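Read through the structure below, which is laid out as C-alpha coordinates, and then see the notes.
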Amino acid sequence: MTEHREPFSDKNTMERKLRILLELLCLLGFGLLFLDIHGLWSEHLAWLGKIQLVPAALSGGIITLIAIAGLTLLLGRVYCSVICPLGILQDIIRHFRRNARSTYRPNKKYLRLAALLIFAAGLGLGFSALAGILDPYSAFGRIAATLFQPLAVLVNNGLSLAEQALGGAAIAPVPLIQKGVAALLGAAVTFLVIAFLAWKGGRIWCNTLCPVGALLGCLSQVALFRPRLRHNRCTGCGRCAAHCKAACIDTKTGHIDASRCVACFNCLSVCRHDALTLRPLPKTADASVRQAPGQRKTAAVASGRRALLGCLAGMTTALLSGEAAAASGHGKEIPRQEPTPRQRPERAVPVLPAGAVSEDHFRSHCTGCQLCVAACPNHVLRAEDSGLTMLQPIMTFENGFCRTNCTACSEVCPAGAIRPVTVQEKTAIQTGRAVIDRTLCIVNKDKVTCTACKRSCPTGAISLAGPNEHKEPAVDTERCTGCGACEYICPARPLAAIRVEGNRIHRRI
(Lines give C-alpha, C1' and ligand atoms only; values in the text may rest on other atoms or scores of the structure.)
Protein backbone atom coordinates (compact mmCIF):
# COMPACT_ATOMS: atom_id res chain seq x y z
CA MET A 1 0.00 0.00 0.00
CA THR A 2 1.41 3.37 -0.95
CA GLU A 3 1.42 6.20 1.57
CA HIS A 4 -1.12 8.93 0.94
CA ARG A 5 0.65 12.29 0.60
CA GLU A 6 -1.38 15.42 1.17
CA PRO A 7 -0.61 18.41 -1.06
CA PHE A 8 1.17 21.48 0.28
CA SER A 9 -1.04 24.11 1.84
CA ASP A 10 -1.43 27.19 -0.35
CA LYS A 11 -1.31 29.43 2.73
CA ASN A 12 1.92 27.93 3.96
CA THR A 13 3.72 28.07 0.60
CA MET A 14 2.53 31.65 0.10
CA GLU A 15 4.09 32.67 3.43
CA ARG A 16 7.39 31.15 2.42
CA LYS A 17 7.25 32.75 -1.04
CA LEU A 18 6.56 36.14 0.53
CA ARG A 19 9.53 35.69 2.87
CA ILE A 20 11.81 34.80 -0.05
CA LEU A 21 10.58 37.79 -2.09
CA LEU A 22 11.22 40.24 0.75
CA GLU A 23 14.58 38.60 1.42
CA LEU A 24 15.66 39.06 -2.21
CA LEU A 25 14.52 42.69 -2.23
CA CYS A 26 16.55 43.41 0.92
CA LEU A 27 19.54 41.61 -0.58
CA LEU A 28 19.28 43.73 -3.72
CA GLY A 29 19.06 46.88 -1.64
CA PHE A 30 22.12 46.05 0.47
CA GLY A 31 24.03 45.05 -2.64
CA LEU A 32 23.36 48.42 -4.26
CA LEU A 33 24.15 50.20 -0.98
CA PHE A 34 27.58 48.65 -0.33
CA LEU A 35 28.67 48.06 -3.92
CA ASP A 36 27.73 51.53 -5.13
CA ILE A 37 31.14 52.42 -6.56
CA HIS A 38 29.78 55.33 -8.62
CA GLY A 39 27.71 56.93 -5.84
CA LEU A 40 24.34 56.47 -7.52
CA TRP A 41 22.37 54.66 -4.81
CA SER A 42 23.97 55.27 -1.40
CA GLU A 43 21.99 58.38 -0.54
CA HIS A 44 18.66 56.76 -1.46
CA LEU A 45 19.27 53.39 0.24
CA ALA A 46 20.97 54.57 3.44
CA TRP A 47 17.73 53.89 5.34
CA LEU A 48 18.44 50.15 5.07
CA GLY A 49 21.31 50.56 7.52
CA LYS A 50 19.24 52.73 9.82
CA ILE A 51 16.56 50.06 10.33
CA GLN A 52 19.12 47.63 11.74
CA LEU A 53 18.72 47.01 15.47
CA VAL A 54 22.18 47.91 16.80
CA PRO A 55 22.68 51.07 14.70
CA ALA A 56 19.16 52.17 15.63
CA ALA A 57 19.93 51.64 19.33
CA LEU A 58 23.17 53.64 19.10
CA SER A 59 21.61 56.49 17.14
CA GLY A 60 18.53 56.73 19.36
CA GLY A 61 16.12 55.38 16.76
CA ILE A 62 13.30 54.70 19.21
CA ILE A 63 10.66 54.27 16.50
CA THR A 64 12.81 51.68 14.73
CA LEU A 65 13.40 49.77 17.97
CA ILE A 66 9.69 49.78 18.79
CA ALA A 67 8.87 48.57 15.26
CA ILE A 68 11.39 45.71 15.49
CA ALA A 69 10.12 44.70 18.93
CA GLY A 70 6.51 44.84 17.75
CA LEU A 71 7.27 42.80 14.63
CA THR A 72 9.03 40.18 16.73
CA LEU A 73 6.18 39.98 19.25
CA LEU A 74 3.77 39.51 16.38
CA LEU A 75 5.61 37.15 13.99
CA GLY A 76 8.76 36.01 15.78
CA ARG A 77 12.25 36.59 14.41
CA VAL A 78 11.19 37.87 10.99
CA TYR A 79 13.90 40.51 11.39
CA CYS A 80 16.56 37.77 11.31
CA SER A 81 14.99 36.11 8.29
CA VAL A 82 14.20 39.12 6.10
CA ILE A 83 15.86 42.34 7.32
CA CYS A 84 19.26 41.23 8.63
CA PRO A 85 21.75 41.12 5.70
CA LEU A 86 24.04 38.64 7.44
CA GLY A 87 21.14 36.24 7.86
CA ILE A 88 20.32 36.55 4.17
CA LEU A 89 23.98 35.87 3.30
CA GLN A 90 23.87 32.64 5.34
CA ASP A 91 20.74 31.53 3.54
CA ILE A 92 22.42 32.07 0.16
CA ILE A 93 25.47 30.03 1.20
CA ARG A 94 23.26 27.24 2.55
CA HIS A 95 21.22 27.27 -0.65
CA PHE A 96 24.22 26.16 -2.71
CA ARG A 97 24.56 22.98 -0.68
CA ARG A 98 22.51 20.46 -2.58
CA ASN A 99 20.09 18.29 -0.61
CA ALA A 100 21.08 20.01 2.63
CA ARG A 101 19.29 18.54 5.64
CA SER A 102 19.19 19.78 9.22
CA THR A 103 19.06 17.85 12.47
CA TYR A 104 17.94 19.13 15.83
CA ARG A 105 20.63 20.78 17.95
CA PRO A 106 20.18 21.60 21.65
CA ASN A 107 20.02 25.23 22.63
CA LYS A 108 23.48 26.58 23.56
CA LYS A 109 21.89 29.04 25.96
CA TYR A 110 25.00 29.74 28.02
CA LEU A 111 27.06 30.50 24.93
CA ARG A 112 24.33 32.78 23.65
CA LEU A 113 24.11 34.52 26.99
CA ALA A 114 27.90 34.98 27.16
CA ALA A 115 28.00 36.49 23.65
CA LEU A 116 25.17 38.87 24.53
CA LEU A 117 26.81 39.96 27.77
CA ILE A 118 30.18 40.55 26.08
CA PHE A 119 28.45 42.57 23.38
CA ALA A 120 26.48 44.63 25.91
CA ALA A 121 29.62 45.23 27.99
CA GLY A 122 31.48 46.46 24.92
CA LEU A 123 28.75 48.98 24.16
CA GLY A 124 28.36 49.99 27.80
CA LEU A 125 32.08 50.66 28.18
CA GLY A 126 32.24 52.65 24.95
CA PHE A 127 34.12 50.04 22.89
CA SER A 128 31.64 50.05 20.04
CA ALA A 129 34.19 48.76 17.52
CA LEU A 130 34.79 45.63 19.61
CA ALA A 131 31.06 45.12 20.10
CA GLY A 132 30.68 45.59 16.35
CA ILE A 133 32.62 42.37 15.75
CA LEU A 134 29.53 40.46 16.93
CA ASP A 135 26.95 42.86 15.47
CA PRO A 136 25.50 41.07 12.41
CA TYR A 137 24.97 44.24 10.36
CA SER A 138 28.51 45.49 10.99
CA ALA A 139 29.97 42.06 10.20
CA PHE A 140 28.10 42.01 6.89
CA GLY A 141 29.18 45.58 6.16
CA ARG A 142 32.86 44.71 6.55
CA ILE A 143 32.44 41.67 4.32
CA ALA A 144 30.61 43.67 1.64
CA ALA A 145 32.87 46.75 1.76
CA THR A 146 36.26 45.03 1.92
CA LEU A 147 35.64 41.76 0.05
CA PHE A 148 32.75 42.28 -2.36
CA GLN A 149 33.23 45.94 -3.33
CA PRO A 150 36.79 45.39 -4.68
CA LEU A 151 35.36 42.64 -6.88
CA ALA A 152 32.77 45.11 -8.15
CA VAL A 153 35.56 47.60 -8.90
CA LEU A 154 37.50 44.97 -10.85
CA VAL A 155 34.42 44.07 -12.89
CA ASN A 156 33.66 47.74 -13.51
CA ASN A 157 37.21 48.48 -14.66
CA GLY A 158 37.23 45.42 -16.89
CA LEU A 159 34.04 46.57 -18.56
CA SER A 160 35.49 50.08 -18.85
CA LEU A 161 38.58 48.78 -20.65
CA ALA A 162 36.44 46.66 -22.97
CA GLU A 163 34.20 49.61 -23.75
CA GLN A 164 37.17 51.88 -24.44
CA ALA A 165 38.53 49.28 -26.86
CA LEU A 166 35.23 49.51 -28.72
CA GLY A 167 35.34 53.30 -28.75
CA GLY A 168 32.89 53.98 -25.93
CA ALA A 169 33.33 55.97 -22.72
CA ALA A 170 30.13 55.50 -20.69
CA ILE A 171 31.66 53.40 -17.88
CA ALA A 172 34.17 55.37 -15.82
CA PRO A 173 37.05 53.44 -14.23
CA VAL A 174 37.34 53.46 -10.43
CA PRO A 175 40.66 53.23 -8.54
CA LEU A 176 41.13 50.04 -6.52
CA ILE A 177 42.40 51.16 -3.12
CA GLN A 178 43.07 48.99 -0.06
CA LYS A 179 41.19 50.63 2.82
CA GLY A 180 42.47 48.88 5.93
CA VAL A 181 44.43 45.69 6.56
CA ALA A 182 42.63 44.82 9.80
CA ALA A 183 39.23 45.31 8.20
CA LEU A 184 40.23 43.12 5.25
CA LEU A 185 41.58 40.30 7.42
CA GLY A 186 38.68 40.57 9.86
CA ALA A 187 36.14 40.44 7.06
CA ALA A 188 37.87 37.44 5.47
CA VAL A 189 37.98 35.49 8.75
CA THR A 190 34.37 36.39 9.57
CA PHE A 191 33.18 35.36 6.12
CA LEU A 192 35.02 32.03 6.26
CA VAL A 193 33.64 31.22 9.72
CA ILE A 194 30.08 32.18 8.82
CA ALA A 195 30.28 30.39 5.47
CA PHE A 196 31.53 27.21 7.14
CA LEU A 197 28.83 27.28 9.81
CA ALA A 198 26.09 28.06 7.27
CA TRP A 199 27.28 25.30 4.95
CA LYS A 200 27.44 22.84 7.81
CA GLY A 201 24.22 23.61 9.60
CA GLY A 202 22.36 26.72 8.49
CA ARG A 203 21.83 29.44 11.08
CA ILE A 204 24.40 28.26 13.64
CA TRP A 205 25.92 31.75 13.91
CA CYS A 206 22.51 33.33 14.48
CA ASN A 207 21.68 31.01 17.36
CA THR A 208 25.03 30.76 19.12
CA LEU A 209 27.05 33.99 18.75
CA CYS A 210 24.73 36.68 17.40
CA PRO A 211 23.67 39.10 20.19
CA VAL A 212 20.76 40.42 18.13
CA GLY A 213 19.47 36.88 17.67
CA ALA A 214 19.76 36.23 21.41
CA LEU A 215 17.91 39.43 22.25
CA LEU A 216 15.09 38.90 19.75
CA GLY A 217 14.90 35.26 20.84
CA CYS A 218 13.61 36.45 24.20
CA LEU A 219 10.68 38.19 22.50
CA SER A 220 10.01 35.50 19.93
CA GLN A 221 9.16 32.99 22.66
CA VAL A 222 5.92 34.87 23.27
CA ALA A 223 5.23 35.86 19.65
CA LEU A 224 1.55 35.71 18.77
CA PHE A 225 2.07 34.01 15.41
CA ARG A 226 4.90 31.48 15.55
CA PRO A 227 5.19 27.88 14.34
CA ARG A 228 3.24 25.52 16.57
CA LEU A 229 2.88 21.76 16.28
CA ARG A 230 -0.53 20.09 16.30
CA HIS A 231 0.45 16.76 17.77
CA ASN A 232 -2.81 15.05 16.86
CA ARG A 233 -1.89 15.45 13.17
CA CYS A 234 1.88 14.90 13.35
CA THR A 235 3.16 11.51 12.16
CA GLY A 236 6.77 12.11 13.18
CA CYS A 237 8.09 11.99 9.59
CA GLY A 238 10.80 14.54 10.42
CA ARG A 239 10.45 16.60 7.25
CA CYS A 240 9.97 19.82 9.21
CA ALA A 241 13.16 19.25 11.23
CA ALA A 242 15.15 18.37 8.09
CA HIS A 243 14.22 21.70 6.45
CA CYS A 244 14.55 23.86 9.58
CA LYS A 245 17.27 26.50 9.11
CA ALA A 246 17.65 26.98 12.84
CA ALA A 247 17.67 23.25 13.74
CA CYS A 248 15.21 24.07 16.52
CA ILE A 249 12.53 21.38 15.92
CA ASP A 250 12.89 18.30 18.13
CA THR A 251 10.81 15.58 16.47
CA LYS A 252 11.38 13.19 19.38
CA THR A 253 9.48 15.39 21.82
CA GLY A 254 7.54 17.51 19.33
CA HIS A 255 9.00 20.72 20.80
CA ILE A 256 9.82 23.83 18.75
CA ASP A 257 12.33 26.18 20.37
CA ALA A 258 10.73 29.52 19.55
CA SER A 259 13.75 31.45 20.83
CA ARG A 260 15.84 30.08 17.95
CA CYS A 261 13.21 29.95 15.20
CA VAL A 262 14.05 32.53 12.52
CA ALA A 263 10.57 32.52 10.95
CA CYS A 264 11.63 31.08 7.59
CA PHE A 265 8.35 29.10 7.34
CA ASN A 266 10.10 26.16 5.68
CA CYS A 267 8.54 23.76 8.16
CA LEU A 268 5.02 24.93 7.29
CA SER A 269 5.67 24.46 3.60
CA VAL A 270 7.04 20.92 3.75
CA CYS A 271 4.55 19.44 6.21
CA ARG A 272 2.20 17.09 4.29
CA HIS A 273 -0.27 16.65 7.11
CA ASP A 274 -1.00 20.27 8.07
CA ALA A 275 0.46 19.56 11.50
CA LEU A 276 2.14 22.96 11.76
CA THR A 277 0.38 26.27 12.12
CA LEU A 278 1.21 29.86 13.01
CA ARG A 279 -2.03 30.41 14.89
CA PRO A 280 -2.27 30.09 18.68
CA LEU A 281 -3.51 26.66 19.75
CA PRO A 282 -5.94 25.80 22.52
CA LYS A 283 -4.13 25.14 25.78
CA THR A 284 -4.98 21.45 25.74
CA ALA A 285 -3.63 21.00 22.25
CA ASP A 286 -0.61 23.26 22.75
CA ALA A 287 0.45 21.48 25.90
CA SER A 288 0.37 18.05 24.28
CA VAL A 289 3.89 16.69 23.69
CA ARG A 290 4.31 13.64 21.50
CA GLN A 291 6.74 10.95 22.73
CA ALA A 292 6.42 8.74 19.65
CA PRO A 293 4.44 8.81 16.39
CA GLY A 294 0.76 8.42 17.16
CA GLN A 295 1.23 8.77 20.94
CA ARG A 296 0.64 11.84 23.04
CA LYS A 297 1.50 12.83 26.54
CA THR A 298 0.27 15.90 28.40
CA ALA A 299 3.14 18.03 29.66
CA ALA A 300 4.07 21.66 29.80
CA VAL A 301 6.46 22.77 27.07
CA ALA A 302 9.36 24.37 28.93
CA SER A 303 10.66 27.69 27.75
CA GLY A 304 14.46 27.62 27.66
CA ARG A 305 15.51 31.23 28.17
CA ARG A 306 15.08 34.20 30.46
CA ALA A 307 14.43 37.76 29.44
CA LEU A 308 17.70 39.51 28.64
CA LEU A 309 16.36 42.86 27.53
CA GLY A 310 18.05 44.71 30.38
CA CYS A 311 21.45 43.90 28.94
CA LEU A 312 21.02 46.39 26.13
CA ALA A 313 18.94 49.02 27.91
CA GLY A 314 21.79 51.48 27.71
CA MET A 315 22.03 51.34 23.86
CA THR A 316 19.57 52.84 22.79
CA THR A 317 33.84 73.17 -2.23
CA ALA A 318 35.42 73.32 -4.87
CA LEU A 319 36.36 70.37 -6.98
CA LEU A 320 40.14 70.67 -7.14
CA SER A 321 42.29 69.35 -9.95
CA GLY A 322 44.51 66.37 -9.21
CA GLU A 323 47.57 67.87 -10.85
CA ALA A 324 50.80 67.86 -8.89
CA ALA A 325 52.19 71.28 -8.24
CA ALA A 326 54.55 72.59 -10.87
CA ALA A 327 55.89 75.96 -9.88
CA SER A 328 59.04 77.62 -11.09
CA GLY A 329 61.74 79.73 -9.52
CA HIS A 330 64.38 81.42 -11.70
CA GLY A 331 63.63 79.02 -14.52
CA LYS A 332 63.88 75.96 -12.24
CA GLU A 333 60.77 73.76 -12.49
CA ILE A 334 59.66 71.25 -9.88
CA PRO A 335 59.61 67.77 -11.43
CA ARG A 336 56.08 66.39 -11.80
CA GLN A 337 55.25 63.78 -9.14
CA GLU A 338 52.16 61.61 -8.86
CA PRO A 339 50.09 62.10 -5.67
CA THR A 340 50.67 58.43 -4.75
CA PRO A 341 52.37 56.50 -3.32
CA ARG A 342 52.74 58.52 -0.18
CA GLN A 343 53.77 57.51 3.31
CA ARG A 344 51.08 58.17 5.91
CA PRO A 345 52.19 60.62 8.62
CA GLU A 346 51.89 59.89 12.32
CA ARG A 347 49.12 62.00 13.82
CA ALA A 348 48.75 62.80 17.51
CA VAL A 349 44.97 62.92 17.03
CA PRO A 350 43.24 61.14 14.11
CA VAL A 351 41.15 63.19 11.71
CA LEU A 352 37.45 62.28 11.78
CA PRO A 353 34.72 63.37 9.35
CA ALA A 354 32.58 66.45 9.84
CA GLY A 355 29.55 65.32 11.82
CA ALA A 356 31.57 63.09 14.15
CA VAL A 357 31.24 65.85 16.79
CA SER A 358 34.16 64.60 18.89
CA GLU A 359 36.53 61.68 19.19
CA ASP A 360 34.67 60.31 22.24
CA HIS A 361 31.26 60.54 20.55
CA PHE A 362 32.53 58.86 17.41
CA ARG A 363 34.33 56.03 19.20
CA SER A 364 31.35 55.22 21.40
CA HIS A 365 28.89 55.02 18.50
CA CYS A 366 30.79 53.57 15.53
CA THR A 367 30.55 49.78 15.14
CA GLY A 368 32.90 49.64 12.17
CA CYS A 369 30.31 48.62 9.57
CA GLN A 370 32.45 50.31 6.83
CA LEU A 371 29.45 51.81 5.06
CA CYS A 372 30.97 55.29 5.19
CA VAL A 373 34.24 53.87 3.85
CA ALA A 374 32.40 52.22 0.97
CA ALA A 375 30.37 55.36 0.23
CA CYS A 376 33.25 57.89 0.33
CA PRO A 377 33.75 59.08 -3.28
CA ASN A 378 37.05 60.78 -2.45
CA HIS A 379 38.81 57.68 -1.04
CA VAL A 380 39.62 59.55 2.16
CA LEU A 381 38.18 57.11 4.71
CA ARG A 382 39.88 53.86 5.69
CA ALA A 383 39.59 51.50 8.64
CA GLU A 384 42.00 51.80 11.56
CA ASP A 385 44.36 48.83 11.79
CA SER A 386 45.25 48.64 15.49
CA GLY A 387 44.24 49.50 19.03
CA LEU A 388 40.82 49.72 20.61
CA THR A 389 39.64 51.78 17.64
CA MET A 390 40.51 49.03 15.19
CA LEU A 391 37.99 48.71 12.32
CA GLN A 392 36.64 52.21 12.93
CA PRO A 393 37.25 54.67 10.06
CA ILE A 394 39.76 57.51 10.06
CA MET A 395 40.58 60.11 7.43
CA THR A 396 43.82 59.86 5.43
CA PHE A 397 44.91 61.96 2.48
CA GLU A 398 47.24 59.83 0.36
CA ASN A 399 44.56 59.15 -2.24
CA GLY A 400 42.39 62.25 -2.06
CA PHE A 401 41.02 64.97 0.19
CA CYS A 402 37.65 65.72 1.79
CA ARG A 403 35.80 68.02 -0.60
CA THR A 404 33.71 70.73 0.99
CA ASN A 405 30.68 69.88 -1.15
CA CYS A 406 30.58 66.18 -0.13
CA THR A 407 28.55 64.90 2.83
CA ALA A 408 28.20 61.26 1.76
CA CYS A 409 29.51 59.72 5.00
CA SER A 410 27.12 61.73 7.18
CA GLU A 411 24.20 60.74 4.96
CA VAL A 412 24.76 56.98 5.19
CA CYS A 413 26.01 56.46 8.78
CA PRO A 414 23.30 54.37 10.48
CA ALA A 415 24.60 54.48 14.06
CA GLY A 416 24.80 58.24 14.59
CA ALA A 417 28.60 58.17 14.83
CA ILE A 418 28.65 60.71 11.97
CA ARG A 419 25.66 62.97 12.37
CA PRO A 420 24.01 64.43 9.26
CA VAL A 421 25.45 67.76 8.17
CA THR A 422 24.66 69.99 5.22
CA VAL A 423 27.28 71.42 2.88
CA GLN A 424 26.80 74.84 4.48
CA GLU A 425 27.31 73.41 7.98
CA LYS A 426 30.37 71.45 6.89
CA THR A 427 32.18 74.56 5.64
CA ALA A 428 32.03 75.95 9.20
CA ILE A 429 33.27 72.79 10.99
CA GLN A 430 36.95 72.43 11.80
CA THR A 431 37.81 68.72 11.97
CA GLY A 432 41.53 69.48 12.25
CA ARG A 433 44.16 72.00 11.26
CA ALA A 434 47.18 71.92 8.99
CA VAL A 435 50.67 71.75 10.50
CA ILE A 436 53.85 72.47 8.50
CA ASP A 437 57.14 70.60 8.90
CA ARG A 438 59.55 73.13 7.42
CA THR A 439 62.41 70.63 7.28
CA LEU A 440 60.44 68.64 4.70
CA CYS A 441 59.15 71.57 2.68
CA ILE A 442 60.84 71.72 -0.71
CA VAL A 443 60.99 75.50 -0.48
CA ASN A 444 63.66 75.07 2.18
CA LYS A 445 65.05 71.70 1.18
CA ASP A 446 65.39 72.26 -2.58
CA LYS A 447 65.40 76.07 -2.64
CA VAL A 448 62.55 76.33 -5.13
CA THR A 449 59.27 78.20 -5.22
CA CYS A 450 56.18 76.08 -4.50
CA THR A 451 52.62 77.31 -4.22
CA ALA A 452 50.85 73.94 -4.26
CA CYS A 453 49.37 74.06 -0.76
CA LYS A 454 48.27 77.67 -1.11
CA ARG A 455 46.56 77.08 -4.46
CA SER A 456 44.79 73.92 -3.25
CA CYS A 457 43.32 75.36 -0.05
CA PRO A 458 39.56 75.94 -0.55
CA THR A 459 39.26 78.28 2.46
CA GLY A 460 42.30 80.46 1.78
CA ALA A 461 43.86 79.47 5.09
CA ILE A 462 47.39 79.17 3.64
CA SER A 463 49.49 82.17 2.69
CA LEU A 464 53.09 82.62 1.54
CA ALA A 465 55.45 84.83 3.46
CA GLY A 466 59.10 85.23 4.32
CA PRO A 467 62.14 87.44 3.72
CA ASN A 468 63.67 85.17 1.08
CA GLU A 469 62.78 85.09 -2.62
CA HIS A 470 61.22 81.66 -2.14
CA LYS A 471 58.25 82.32 0.13
CA GLU A 472 57.34 79.79 2.80
CA PRO A 473 53.76 78.69 3.54
CA ALA A 474 51.97 79.73 6.72
CA VAL A 475 48.63 78.41 8.06
CA ASP A 476 45.83 80.49 9.53
CA THR A 477 44.39 77.94 11.97
CA GLU A 478 41.24 80.03 12.43
CA ARG A 479 40.27 79.46 8.79
CA CYS A 480 41.57 75.91 8.25
CA THR A 481 38.87 73.20 8.24
CA GLY A 482 41.19 70.17 8.06
CA CYS A 483 40.01 69.03 4.62
CA GLY A 484 43.46 67.66 3.74
CA ALA A 485 43.72 69.23 0.27
CA CYS A 486 47.13 70.72 1.12
CA GLU A 487 48.47 67.40 2.43
CA TYR A 488 47.20 65.54 -0.61
CA ILE A 489 48.71 67.94 -3.14
CA CYS A 490 52.05 68.51 -1.39
CA PRO A 491 54.89 67.33 -3.69
CA ALA A 492 57.27 66.42 -0.86
CA ARG A 493 58.05 62.69 -0.61
CA PRO A 494 57.81 60.25 1.09
CA LEU A 495 56.13 62.39 3.78
CA ALA A 496 54.14 65.47 2.95
CA ALA A 497 55.63 68.64 4.40
CA ILE A 498 52.17 69.72 5.53
CA ARG A 499 49.84 67.39 7.41
CA VAL A 500 46.49 67.64 9.15
CA GLU A 501 46.24 67.08 12.90
CA GLY A 502 42.76 66.19 14.11
CA ASN A 503 40.70 67.99 16.75
CA ARG A 504 39.49 65.83 19.63
CA ILE A 505 36.39 68.03 19.70
CA HIS A 506 35.29 69.57 16.41
CA ARG A 507 34.84 73.31 16.54
CA ARG A 508 32.98 75.87 14.51
CA ILE A 509 34.93 78.53 12.69
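The values are calculated or read from the model by the stated rules, or taken from the named source; none is laboratory data. Not measured: the values here are computed from a predicted model. FYI the Cβ positions are ideal-geometry reconstructions off the backbone, even for glycines, and counts take in every protein chain you see. What goes into the accessible areas is simple: the full protein's heavy atoms, side chains included, and nothing from ligands, DNA or RNA. Shrake-Rupley method; radii C 1.70, N 1.55, O 1.52, S 1.80 Å.
Largest accessible area first, the residues LYS17, LYS245, LYS454 order themselves as LYS17, LYS454, LYS245 under a 1.4 Å probe with ligands, DNA and RNA left out.
The share of alpha-carbon pairs in the stretch 40-134 lying farther apart than 16 Å comes to 71%. Over the chain, with every protein chain in place, what whole percent of the accessible area is carbon and sulfur at 1.4 Å, could you tell me? Its accessible area is 62 percent carbon and sulfur atoms. Taking all protein chains into account, the per residue accessible area for the stretch 408-453 stands at 41 Å² (1.4 Å probe). Full extension of the chain segment joining SER358 with ARG479 gains 41.7 nm, where the gain is 0.36 nm per residue of separation less the Cα-Cα distance.
Helical runs (DSSP H, four residues minimum) scored at -39500 (n - 2.57) apiece and divided by the length of the chain put the mean residue ellipticity at 222 nm at -10500 deg cm²/dmol. Entry comment: accessible area of the stretch 167-276 is 36 Å² per residue, from protein heavy atoms only and a probe of 1.4 Å. Take 136-147, 189-200, 115-126, 52-63 and order them by the average number of nearby Cβ atoms within 10 Å per residue, most first; the result is 136-147, 52-63, 115-126, 189-200. Legend: translational diffusion of the stretch 184-257 by Stokes-Einstein, Rh = Kirkwood radius over C-alpha pairs, 37 °C, 0.692 mPa s; D = 230 µm²/s.
Sorting THR367, THR235, THR64, THR439 by accessible area puts them as THR439, THR235, THR64, THR367; the probe is 1.4 Å, largest comes first, and only protein heavy atoms count. Accessible surface computed residue by residue for the stretch 457-497, with neighbouring protein chains in place and a 1.4 Å probe, gives 41 Å² per residue. Can you grab the distance from the C-alpha centre of the stretch 369-414 to the C-alpha centre of the stretch 19-37, Å, no decimals? So the two Cα centres are separated by 22 Å. In terms of packing, defined here as the mean over residues of other Cβ atoms within 10 angstrom, the peptides 379-388, 487-496 line up highest first as 487-496, 379-388.
The stretch 150-165 and the stretch 450-472 have Cα centres lying 40 Å from one another.
Where in the stretch 380-407 is the amide nitrogen less than 13 Å from a point lying 7 Å along the Cα-to-Cβ axis of ALA169? It comes to no residues whatsoever. The fraction of Cα-Cα pairs per 10 angstrom bin, counted from 0 for the chain, comes to 4, 17, 24, 20, 14, 10, 6, 3, 1, 0, 0 percent, rounded to whole percents.
Take each peptide in 396-403, 154-161, count the other Cβ atoms within 10 Å of every residue, and average; sorted highest first, the result is 396-403, 154-161.
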